[in-house]
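Here is the structure we will look at.
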Amino acid sequence: MYESYYGFSEKPFQLSPDPRFFFATSHHQRALSYLQYGLDQGEGFIVITGPIGTGKTTIARNLLSSIGDDNIVAAQLVTTKLSPDELLELVAAEFKVPLNGNSKAEVLRSIEAFLIQLHQQGKRALLLVDEAQNLPAETVEELRMLSNFQLDDKPLIQSFLLGQEELKDIIQAPNMEQFRQRIIASAHLKPLSLAEVKDYINHRLQQAGCERDELFSDDAIAAIHEKTLGVPRKINIFVDRLLLFGFLEELTNFDVDAINDVAEEMSVELTGSLSSQALKNNQNNGESVNQQVVVNSSENVENIKEVLREIEEILDGSIKQKIKMTRYVDKLLKQKNREYAAEQLKQDNVSE
């Protein structure tokens, strides 16, 4: 797509977490330091919280890729609303623990035997629990019970919990006092500041091989910060779309006008449903949708006009997208033709 146009070796703003693109703000670096501290201590819980898209999973992936310690056997869980029994079964599955039975007691015995075996080999288990805010309080308590497995006064497993802000509410509940006493460090991630957004964007561009200076003006960076609220995942989505827009429009750099154009396009595309007021009018308090709509009041007329305006915006956005896609395909064909012509010329020169 736009990679060759801007001289990138790969897409710089992919959504999937990639440790190579990890950018450590002061908050991210502190969280990573706490995780590393937890590894060095070999016991207790480390808790990292933050809003959606602030980089908790990226930190976890970065930690796993940088461990470089053969004595640590790590597993990562991305949780749903698991019961305590389901959590234990998932832990056993991720660590590839052979089970001798399906009862909770048998699962616990199998996990303990596995952990003891690791200890005898000079190893220990590390459990990373992502999206931990989905766990019920009793399941979080089950994690604490797992931390009771010890041998020679040394814990056999330690757990890192990463989750959205709701995780703090779970942990701070009155009945979670014993769990809180096992937490040796915690950190809360925040959205990026304006200066951090600029550094974040430049870092990812450089990692993708960008050699252009000032691809984004300072005003453009400020506009991106405003549109995305400094959330890394939103920045990735927005700037990726912005680069595609720049490729289609043949832009060599980006100003505030380009930012606003893309933001407007994306806002139209996300308007995918009719207004709730219109839906309520059509439902008519639960009566049949086939019933004739009464439009003899000015309020109903205005509601219908509003619906039509929304439909017009949606159709207009769809038409614009089809036009842009046509232009995009046309540009790709032209680019392929130029590459083909260059290859043919090269072969002709060789044959001569």
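The values are calculated or read from the model by the stated rules, or taken from the named source; none is laboratory data. Small disclaimer: the values here were computed from a predicted structure and weren't measured. A quick note on method: Cβ atoms are made from the backbone with ideal geometry, for glycine too, and the neighbour counts reach across all protein chains shown. The accessibility values were calculated without ligands, DNA or RNA, using every heavy atom of the protein model including side chains. Shrake-Rupley method; radii C 1.70, N 1.55, O 1.52, S 1.80 Å.
Just the number, please: carbon plus sulfur as a percent of the accessible area of region 70-227, 1.4 Å probe, no ligands or DNA/RNA counted.
Exposed carbon and sulfur together represent 44 percent of the surface.
If you plug each phi of region 163-177 into the Karplus form 6.51 cos²θ - 1.76 cosθ + 1.60 with θ = phi - 60°, what whole-Hz ³J(HN,Hα) values come out, in order, with x for Gly and Pro?
Coupling constants for region 163-177: x, 6, 4, 4, 4, 4, 5, 4, 5, 7, 4, x, 7, 9, 4 Hz.
Which distance in nm do the two modelled labels at ALA195 and LYS336 give, with both placed 7 Å along the Cα-to-Cβ direction?
4.8 nm
Under 19 Å from the 7 Å Cα→Cβ point of GLU211, by amide nitrogen: which residues of region 1-25?
Residues 2-12 qualify, since their backbone N sits under 19 Å from the label point.
Show me, for region 194-206, the HN-Hα J-couplings you get by feeding each phi into the Karplus relation (A = 6.51, B = -1.76, C = 1.60, θ = phi - 60°), rounded to Hz, glycine and proline as x.
Whole-Hz 3J(HN,Hα) from phi for region 194-206: 4, 5, 5, 4, 4, 5, 4, 5, 5, 4, 5, 5, 5.
What value in Å³ per residue do you get for the convex hull of the alpha-carbon atoms in region 33-162?
For region 33-162, the hull spanned by Cα atoms encloses 101 Å³ per residue.
So what is the accessible area of region 121-279 per residue, in Å², with the probe set to 1.4 Å?
Each residue of region 121-279 exposes 48 Å² on average to a 1.4 Å probe.
Please work out how much length the chain gains when fully extended from GLU264 to GLN172, using 0.36 nm per residue of separation minus the C-alpha to C-alpha distance, in nm with one decimal.
Full extension from GLU264 to GLN172 adds 29.0 nm.
What do you get for Rg/Rh over region 85-158 if you use C-alpha atoms and the Kirkwood form of Rh?
0.95
Using a simple spin-label model with points 7 Å from Cα along the Cα→Cβ vector, what separation in nm is obtained for ASP255 and GLN14?
The modelled label-to-label distance comes out at 3.4 nm.
For region 137-179, I need the span (max minus min coordinate) of the C-alpha atoms along each principal axis, in Å, sorted largest to smallest.
35, 20, 13
Based only on Cα atoms, what mean projected area does the convex hull of region 105-260 have, in nm²?
Orientation-averaged projected area of the Cα hull: 13.8 nm².
So what are the ³J(HN,Hα) numbers for region 45-58, from phi and the Karplus equation (6.51, -1.76, 1.60; θ = phi - 60°), rounded to whole Hz, Gly and Pro as x?
10, 10, 10, 10, 10, x, x, 4, x, 8, x, 5, 5, 4
Taking 1 over the mean of 1/r across every pair of different Cα atoms in region 1-89, what Kirkwood radius in Å do you get?
15.6 Å
Strictly over 27 Å apart at the Cα level, which of LYS11/LYS190; LYS56/LYS198; LYS198/LYS331; LYS11/LYS81; LYS81/LYS123; LYS81/LYS198 would you flag in this model?
Values: LYS11/LYS190 25 Å; LYS56/LYS198 20 Å; LYS198/LYS331 30 Å; LYS11/LYS81 34 Å; LYS81/LYS123 30 Å; LYS81/LYS198 37 Å.
In this structure, LYS198/LYS331; LYS11/LYS81; LYS81/LYS123; LYS81/LYS198 lie more than 27 Å apart at Cα.
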